[in-house]
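The values are calculated or read from the model by the stated rules, or taken from the named source; none is laboratory data. None of the values given here were measured: they were computed from a predicted structure. So basically every Cβ, Gly included, is an ideal-geometry build from the backbone, and we count neighbours across all protein chains shown.
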Amino acid sequence: MPKQLHSATKVRLSRRMAFRLAQAEAYRRISVGHVPGTLSEFASQLSAWLASAHPGAPAIPASAIEKALRETWDHRHEMTGSDL
């Protein structure tokens, strides 16, 4: 069955909403333990995910996501209850 596109119902997301989507995905990935070894790599993955999962959203560079998620990244072990 072909994938249907609903271009007429596409909503243009704001930059703020795009950041919130990336942050929500970051929390989801952290909670299930799907994170790479570095924040830089994590931010690159999230930037690519945002572009593919939400093509109508403004592009957010990995550097901006990295800056926005630094505190979350620093406390990721506390969020999952792991020691390291």
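As a summary of the residue check, Lys3 satisfies the conditions (1) assigned to a helix (DSSP H, G or I); (2) at pLDDT below 95 except for the one numbered (1).
Residues being among the hydroxyl-bearing types (Ser, Thr, Tyr) and under 12 Å from Ala26 (Cβ atoms): count how many of those fall in the range 52-84.
1
If the condition is being in a helix (DSSP H, G or I) and either without any contact (Cβ under 8 Å) to a residue 12 or more places away in the chain or loosely packed, with under 11 Cβ neighbours inside 10 Å (or both), then the range 65-84 contributes Lys67, Glu71, Asp74, His77, Glu78. The set of residues in the range 10-52 that are more than 22 Å from Thr80 (Cβ to Cβ) and without any contact (Cβ under 8 Å) to a residue 40 or more places away in the chain comprises Arg16, Ser47, Ala48, Leu50, Ala51, Ser52.
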